[in-house]
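Asks: What follows is a single structure, and I will ask about it in a moment.
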Amino acid sequence: MVDVTGAAELLGHEAEMLAVRLGHAQRLGNMGWAEWHLHTGETIWSDQVYVIFGRDPGDGPIPLPDLPEHVEPSDVATLDRLLWSVVQGVEPVQAEFRIRRGGGSADLRDLRVVLEPLAGPGGTIGMHGVIQDITGRRRAERMVSESRRQLLEARERAAEERHVMLALREAILPEPVGCLDLPQTRIAVRYVPAEKTANLGGDWFEAAPAPDGRVLLAIGDASGHGLPAISRMAHLRHALVGLAMTGQGANRLLAWLNDLVMHQLKDTTATAIIGHLDPETRVFAWGQAGNLAPILVRDGEATQLAQPRGVLLGAASGSPYELATTRLLPGDQLLLFTDGLVERRTRDIDVGLDLVLAAARRVRGHDLDASLDRLLADIGGPNPEDDACLLAVGILS
């Protein structure tokens, strides 16, 4: 004999559990179901729809004719098209519109509504479907869209700033002319801007004939980044060009530049190498102020020159600068460079210097421009964090 009472209790328990699970699903998905009967005017809402509309269940559901009063005015037309499509069709339709939750004008909620018609003997007698609050999703999408817009604007501004700063640098620091084709000597330079616009700095170079027939060769790096560093760079380079007309040695020029930084460029430091190359004797007489020593490439080997004494420009007043001399031989190449060439935030400077020394072995005086391009590629390309200058001298065989 079938235990009717037990079976009924079991079915009741299962129905209760199903209702609980359905309630959980509606809360987690912030969705509920609703029905509107056109002929009787009856409206049925699940509990979660009351939550979505911010409505007290004691007030009952909102009748279909009153629903537009709770919709954002600019979205009422969307609701009208949705309801018309349901009444005229047989397939589910969906739309998104905003409501004023709880009647408040400020608490707008984004809803996604999927409705299908309730068919009767004479056609459509009502509609039922699912209402979901997607305010959080749409808000997140708007935030992402706004962030993307701001990012694009920032990139456009950065690109424009980079263009302006590079154009300014090019105006201040043009490619040298008039000294690149000396007898049995080739000179090539590279300015390598930082990949990041904000890190464009004060690196500079100079290669120009001196009044006594020698060639002035110099590189340097003024502290800082952006337009202030470019301004300091221009100040130093233009001062050097003027001071070099005196014919004084590189050590004396460095001392004068140090005085300039100490007294005219407050809170500024700078590195530099200044030298004179005599095309007849091939002697390079040079001094340095806090800069890495040049690299000499000879017979396929690359080594750094011994560093003469000299301190950072702007570090101390009255500091002496020594003059060193290096006689270049046919087939030699000499590389002067600023620290941006070897330094990276992700590696030790000695590692970067070893990479440059290894790449420098392939530099050839008869093909100096191409050699510099290969060297830059071999060490990993431009520095993301800092710009760099590279000045090369090749003595032809």
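Asks: Could the peptides 118-124, 367-373 be put in order, highest first, of the mean number of other beta-carbon atoms found within 10 Å of their residues? Walk me through the numbers on the way to the answer.
Replies: Working: 118-124: 11.0, 367-373: 16.4.
Per-residue Cβ counts within 10 Å, averaged per peptide and sorted highest first, yield 367-373, 118-124.
Asks: Over 26 Å, how big is the tail of the calculated P(r) for the range 173-395, in percent of all Cα pairs? Before the final figure, lay out the partial values.
Replies: Working: 7450 of 24753 pairs.
In whole percent, the long-distance tail amounts to 30.
Asks: I'd like the orientation of helix 368-378 relative to the chain: the angle between its Cα long axis and the longest Cα principal axis, in ° from 0 to 90, rounded to 10.
Replies: 40
Asks: Then there's this: Where does the charge balance sit around Glu96 when Lys and Arg score +1, Asp and Glu -1, over other residues with C-beta under 9 Å from its C-beta? Please list the in-between numbers first.
Replies: Values: positive: Arg98, Arg112, Arg138; negative: Asp75, Asp110.
Every neighbour counted, the sum reads +1.
Asks: I want the local charge near Glu72. Using Cβ-Cβ distances under 9 Å, sum +1 for each Lys or Arg and -1 for each Asp or Glu among the other residues.
Replies: Values: positive: Arg98, Arg100; negative: Asp75.
Neighbourhood net charge equals +1.
Asks: For Thr269, enumerate residues with amide H under 5 Å from its amide H, sequence gap 5+ or separate chain, H modeled in the peptide plane.
Replies: Ser223
Asks: If only Cα atoms are counted, what is the Rg of the chain, and what is its Dmax, in Å?
Replies: Rg, Dmax (Cα atoms, Å): 38.8, 125.
Asks: Okay, moving on. Between exposed trypsin sites (Lys or Arg not before Pro) in the chain, where DSSP calls loop and at most 12 other Cβ atoms lie within 10 Å, what's the longest gap? The partial results should precede the final answer.
Replies: Details: sites that count: Lys266, Arg345.
In short, 1-265.
Asks: Moving on. Tell me which residues come under 5 Å, amide H to amide H, from Glu42 once H is placed; ignore anything under 5 positions away on its chain.
Replies: His37
Asks: Sticking with this one: Report, in degrees rounded to the nearest 10, the 0 to 90 angle that the Cα long axis of helix 349-360 makes with the longest principal axis of the chain.
Replies: Tilt relative to the chain: about 70 degrees.
Asks: Still on this structure: What does the charge count near Asp278 come to, summing +1 for each Lys or Arg and -1 for each Asp or Glu among other residues with Cβ under 10 Å from its Cβ? Please list the in-between numbers first.
Replies: On the way: positive: Arg214, Arg282, Arg327; negative: Asp212, Glu280.
Result for the neighbourhood of Asp278: +1.
Asks: Let me ask something else. Relative to the longest principal axis of the chain, what angle (0 to 90°, nearest 10) does the C-alpha long axis of helix 4-29 take?
Replies: The angle comes out near 40 degrees.
Asks: Follow-up. Can you grab the distance from the C-alpha centre of the range 33-50 to the C-alpha centre of the range 281-341, Å, no decimals?
Replies: Rounded to whole Å, the Cα centres lie 87 Å apart.
Asks: Pick from Pro65, Pro193, Pro384: which is most flexible by mean-square fluctuation in a GNM of the chain where alpha carbon atoms under 10 Å apart are linked?
Replies: Comparing Pro65, Pro193, Pro384 in a Gaussian network model of the chain, the most mobile one is Pro65.
Asks: With runs of 4+ DSSP H residues as the only contributors, calculate the mean residue ellipticity of the chain at 222 nm using -39,500 (n - 2.57) per run, divided by the residue total and rounded to the nearest 500.
Replies: Numbers: 8 runs with 141 residues, N = 397.
Per the formula, -12000 deg cm²/dmol.
Laboratory data are not the source of any read-out in this text; all were calculated from the coordinates shown. Keep in mind it's a predicted model, so treat the numbers as computed, not measured. We place every Cβ from the backbone using ideal geometry, glycine too, and count neighbours over all the protein chains shown.
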